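Quick notes on the structure that follows.
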Amino acid sequence: MKKKLNFRFHDPNPAGVAAEYILKELVAANMPKAERAVMEAKMRETVLKNKKNRSA
């Protein structure tokens with residue numbers, strides 16, 4: 001029979017402070033993905049402008 005583990009964490013900070021910290025960390029972790037998406041959008045826009053200019 002396996003014994004079930006039971007973990008408990010105590011965070012002395014208010015819920016708002018903890019949520020703000022978690023949000024900040026998640027944003028920082030996703031920053032490279034967001035930067036890549038912006039660069040890809042800029043490239044698509046540039047390609048479309050170049051196609052328009054060539055056909056005019």
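Descriptive notes on the structure:
- Here residue 8 qualifies as part of a loop (DSSP other than H, G, I, E, B) and open to solvent by 80 Å² or more (accessible area, probe 1.4 Å).
- Boolean, residue 39 is open to solvent by 100 Å² or more (accessible area, probe 1.4 Å) and modelled with pLDDT of 95 or more: yes
The values are calculated or read from the model by the stated rules, or taken from the named source; none is laboratory data. Just so we're clear, the structure is a prediction, and the values are computed from it rather than from any experiment. These accessible areas exclude ligands, DNA and RNA; they are computed on the full protein's heavy atoms, side chains included. Shrake-Rupley method; radii C 1.70, N 1.55, O 1.52, S 1.80 Å.
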